[in-house]
Amino acid sequence: MRKTPIYLKKYQLLIVMWVLASFLFFPLVFIVLDNGWGNHKHTLIEQLDSLSDGFNHDIEISLVALNSMYPKGLDCNEKLIHQMKKFDYHAKFLTTIGYVRDGNITCTSDSGKLQTPMKVEPASWVTADDVTVTLQQPIPLFDGEEKGITVQAGPFIAFLDYQQAQSRPAIPWLKYRTFGLVDGKITYNYGTIEYKPEHPFELVTGKRWFEDGYWNYLDCTRPSECKVIGVNVLSYFKTEPAAVIFLSSFFVIFFWLFTQLGLRLHQSMYSLSRQVFYGINGKQLQVRYQPIIDLDTQQMAGAEALCRWKTINGRYISTCQFVQQVEKNNQTIELTEAVIKTVIKDLTENGLLGRYRISINAFPDDIASGRILQVFKQHLSLCHFSTFTIELTEQKINDLPALSEGVRQLRTLGFKVAIDDFGTGFSNFDGLRELKIDALKIDKSFIWQAEQESLGQKLVEHIVSIAKVLKLAIVAEGVETSEQLNFVSSLGVDYSQGFYHSRPVDIKALAKWSPTKQ
Ligand SMILES: Nc1nc2c(ncn2[C@@H]2O[C@@H]3COP(=O)(O)O[C@H]4[C@@H](O)[C@H](n5cnc6c(=O)[nH]c(N)nc65)O[C@@H]4COP(=O)(O)O[C@H]3[C@H]2O)c(=O)[nH]1
């Protein structure tokens, strides 16, 4: 038996599809953002590089040049202060150059000779060229003092000019900041005002989406320096309506497509063909029994086993529709085996095995191939074979010689074989003779016409006379009224089956069934 697959409800499937759609849609948002600022990327990096070059250039020109001009240990004099002012004036990123003697700043380009020399704080880092960086160095400013980053080379110390290092970007949604690095620690930083990613060096993976409202890009290609460029996502979408239109159209298309796909999937998941494929099992398949009355004794001679099948939603569908689907799915033997197993179980549990003759519907091809016989041999002991009748519909006969052989084998082992719905298929004498069956079941459509004088009546009479010639037992199927019953009885029909006697019932009801109770 096949394992029942998971049947997702419509809303569950749609949720799965929408999650999938989001997985595909969000990369698109990244692509749009990436494209949006990608055009400006090179210009921006160039600008940042030139800022950085300018900054390094300032240090080089001012400090290194002053160093080569003035050795250590000088006293501050007018000439030195004047030189420092000159370099300070030309430097763009530096402000206030000072002279250090014995660990104290003794004069600066802004304040001249200091009344009280200012102590140089311990260096935060010393670079390979013996340049020291101090992060919290007090600096004399007007009457008071300010703390800032200083770079010291030799006796000269310079303060980073933050006014210069801060700028407003030309593109409102692009922000940037450059960080100087010594031994992996931040020294100076400059860039767009307000934009200071808190942990820029966690971004080493490259791009990370939505860090503090920015889509950040990290560029650490230069030694001792990293640039972080951020796209302000909200302001980008506010200023770029084309991107918004593009993304919203894609959003609608994506979700519409995936909704349609989900609905289609749901449809095929619940298709009759699939449900039948997995649904020939004890949960969905049941067997009902319709009594067959012996018209001589007026007693129940046996019953026909008729299957009932419900969908996974618990709705019963017409047996004919179900059987047709079983044939389309090539599951005929699977169905017959399931019915046979249920019938044997039902009969055994209710002490009816061997008490009544039970008719089982079978597909002619399964009889021809011997599969039916195999199934019976597998599930039932040989001594009970004679209490079963195998019914086959003449409409479905494909290979008459093979079927005759199958029928012969069944009968040899004790089964009775009957032709079901007789009159609706080939109904010819030669065929009947070749098959060597035991009984004929007259199709209900003829029985229903037989009440008044009609062609139907003549046909029933004709079928009965054929059956008698061939010495076959005759069953009238679909008997619904006393008139129909009287008519078939008067013709000498042996058995009657139909709603007049009983509708198909479950095994418990069959066990209690008696013709007088009806
Ligand atoms: N209106 C009316 N109907 C009556 C009356 N008496 C019996 N019937 C119905 O006629 C059908 C008789 O079975 P069938 O000719 O073998 O026709 C069966 C048989 O060909 C097929 N079938 C049913 N169960 C199985 C099965 O387990 N295996 C196979 N292979 N086919 C089956 O499906 C067909 C339809 O089965 P059901 O829907 O159960 O319909 C049953 C039964 O309920 C009556 O007085 N009035």
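The values are calculated or read from the model by the stated rules, or taken from the named source; none is laboratory data. If you're wondering where the values come from, they're calculated on a predicted model, not measured in any experiment. Counting neighbours? That spans all protein chains shown, and the Cβs are built from the backbone with ideal geometry, glycine included.
Let's see how each residue does on (1) touching a strand residue (DSSP E or B) at 6+ places or on another chain (Cβ under 8 Å); (2) in the same structural domain as M300 (by TED's automatic domain parsing); (3) more than 17 Å from A301 (Cβ to Cβ):
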| position | (1), (2), (3) |
| --- | --- |
| I419 | yes, yes, yes |
| A439 | yes, yes, no |
| A473 | yes, yes, no |
| V479 | yes, yes, no |
| F487 | no, yes, yes |
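One line per residue, one yes/no per condition, for (1) at pLDDT 85 or above; (2) of a type outside the set (D, E, K, R); (3) surrounded by 12 or more Cβ atoms within 10 Å (Cβ to Cβ); (4) out of contact with any Phe, Trp or Tyr (no Cβ under 8 Å at 6 or more places or on another chain):
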residue: W37; (1), (2), (3), (4): no, yes, yes, no
residue: S50; (1), (2), (3), (4): no, yes, no, yes
residue: N56; (1), (2), (3), (4): no, yes, yes, yes
residue: L66; (1), (2), (3), (4): yes, yes, yes, no
residue: L94; (1), (2), (3), (4): no, yes, yes, no
residue: G98; (1), (2), (3), (4): yes, yes, yes, no
residue: R101; (1), (2), (3), (4): yes, no, yes, yes
residue: N104; (1), (2), (3), (4): yes, yes, yes, yes
residue: S109; (1), (2), (3), (4): yes, yes, yes, no
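Taking only region 430-442 into account, find how many residues are crowded, with 20+ Cβ neighbours inside 10 Å and at pLDDT 90 or above.
5
Please list, ordered by first then second residue, the pairs with beta carbon atoms under 9 Å, 6 or more apart or interchain, first in region 228-239 and farther than 22 Å from E46 by Cα, second charged (D, E, K, R) and surrounded by 21 or more Cβ atoms within 10 Å (Cβ to Cβ).
Qualifying pairs under 9 Å: none.
If I ask for residues that are within 16 Å of the ligand (Cβ to nearest atom), assigned to a helix (DSSP H, G or I) and closer than 17 Å to T424 by Cβ, which ones from region 379-402 would you list?
Within region 379-402, E394, Q395, K396 meet the criteria.
Which residue is surrounded by the most Cβ atoms within 10 Å (Cβ to Cβ), if the candidates are limited to region 112-129 and must be in a strand (DSSP E or B) and among the aliphatic types (A, V, I, L, M)?
So, considering only residues that are in a strand (DSSP E or B) and among the aliphatic types (A, V, I, L, M), the one surrounded by the most Cβ atoms within 10 Å (Cβ to Cβ) is M118.
Give me a count of the residues in region 430-451 that are within 55 Å of the chain's Cα centre (by Cα) and farther than 21 Å from L392 by Cβ.
Total satisfying the criteria: 1.
Cβ-Cβ distance below 6 Å, separation of 6 or more or different chains: which pairs start in region 503-514 with a residue that is closer than 16 Å to Q286 by Cβ and end on one that is of a type in the set (D, E)?
These pairs meet every condition: I507/D346.
As an exercise: evaluate E304 against (1) more than 13 Å from the ligand (Cβ to nearest atom); (2) surrounded by 15 or more Cβ atoms within 10 Å (Cβ to Cβ); (3) of a type outside the set (A, V, I, L, M, F, W, C) and give the number of the one condition it does not meet.
The single condition E304 does not satisfy is (1).
Which residues, counting only those in region 498-518, are more than 19 Å from V488 (Cα to Cα), within 16 Å of the ligand (Cβ to nearest atom) and part of a helix (DSSP H, G or I)?
Within region 498-518, I507, A509, L510 meet the criteria.
In region 324-337, what residues are in contact (Cβ under 8 Å) with a residue 24 or more places away in the chain and under 33 Å from the mean Cα position of the chain (by Cα)?
Correct list: Q325, V326, E327, K328, N329, Q331, T332, E334, L335.
Working only within region 471-497, note down all residues that are assigned to a helix (DSSP H, G or I), in contact with an Asp or Glu (Cβ under 9 Å, 6 or more places away or on another chain) and surrounded by 21 or more Cβ atoms within 10 Å (Cβ to Cβ).
Matches in region 471-497: Q484 only.
Can you name every residue in region 62-90 that is of a type outside the set (A, V, I, L, M) and not in a helix (DSSP H, G or I)?
The answer is Y70, P71, K72, G73, D75, C76, N77.
For region 292-322, which positions are outside any strand (DSSP E or B), in contact (Cβ under 8 Å) with a residue 24 or more places away in the chain and β-branched (V, I, T)?
T311, I312
Give me the pairs: first residue in region 338-363 and under 18 Å from C307 (Cα atoms) and assigned to a strand (DSSP E or B), second residue within 9 Å of the ligand (Cβ to nearest atom) and acidic (D, E), beta-carbon distance under 6 Å, and six or more apart or on different chains, which are they?
Partner pairs satisfying both residue conditions: S359/E304; S359/E391; N361/E391.
Could you tell me whether T132 is in a strand (DSSP E or B), within 17 Å of N67 (Cα to Cα) and in the same structural domain as K86 (by TED's automatic domain parsing)?
Against the criterion (in a strand (DSSP E or B), within 17 Å of N67 (Cα to Cα) and in the same structural domain as K86 (by TED's automatic domain parsing)), T132 qualifies.
In this structure, is N330 assigned to a loop (DSSP other than H, G, I, E, B) and away from the ligand (no atom under 14 Å from the Cβ)?
no
Please count how many residues of region 135-161 are in a loop (DSSP other than H, G, I, E, B) and under 21 Å from Y190 (Cα atoms).
Going through region 135-161 one residue at a time, the tally reaches 1.
Taking the options S465, S454, S482, S427, name whichever one is more than 19 Å from Q395 (Cα to Cα) and modelled with pLDDT under 85.
Result: S454 is the single residue among S465, S454, S482, S427 that is more than 19 Å from Q395 (Cα to Cα) and modelled with pLDDT under 85.
Residues in region 482-497 that are in contact (Cβ under 8 Å) with a residue 12 or more places away in the chain, more than 56 Å from the chain's Cα centre (by Cα) and within 16 Å of the ligand (Cβ to nearest atom): how many?
9
Considering only region 276-291, state which residues are outside any loop (DSSP other than H, G, I, E, B) and closer than 22 Å to N329 by Cα.
Result: V276, F277, Y278, G279, L285, Q286, V287.
Considering only region 346-374, state which residues are among the β-branched types (V, I, T) and surrounded by 19 or more Cβ atoms within 10 Å (Cβ to Cβ).
I358, I360, I367, I372
I need the full set of residues from region 443-469 which are more than 28 Å from F388 (Cα to Cα) and either surrounded by 13 or more Cβ atoms within 10 Å (Cβ to Cβ) or touching a Lys or Arg at 6+ places or on another chain (Cβ under 7 Å) (or both), in order please.
Q449, A450, E451, G456, Q457, K458, L459
Of the residues that sit in region 212-224 and are within 32 Å of the chain's Cα centre (by Cα) and crowded, with 16+ Cβ neighbours inside 10 Å, which one is farthest from K9 (Cα to Cα)?
Going through the qualifying residues, I end up with N216.
Yes/no matrix, rows are residues, columns are (1) at pLDDT below 95; (2) closer than 26 Å to R2 by Cβ; (3) over 23 Å from the mean Cα position of the chain (by Cα):
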{"site": "C226", "(1), (2), (3)": "yes, no, yes"}
{"site": "K238", "(1), (2), (3)": "yes, no, yes"}
{"site": "A242", "(1), (2), (3)": "yes, no, yes"}
{"site": "I253", "(1), (2), (3)": "yes, no, no"}
{"site": "G282", "(1), (2), (3)": "yes, yes, yes"}
{"site": "L295", "(1), (2), (3)": "no, no, yes"}
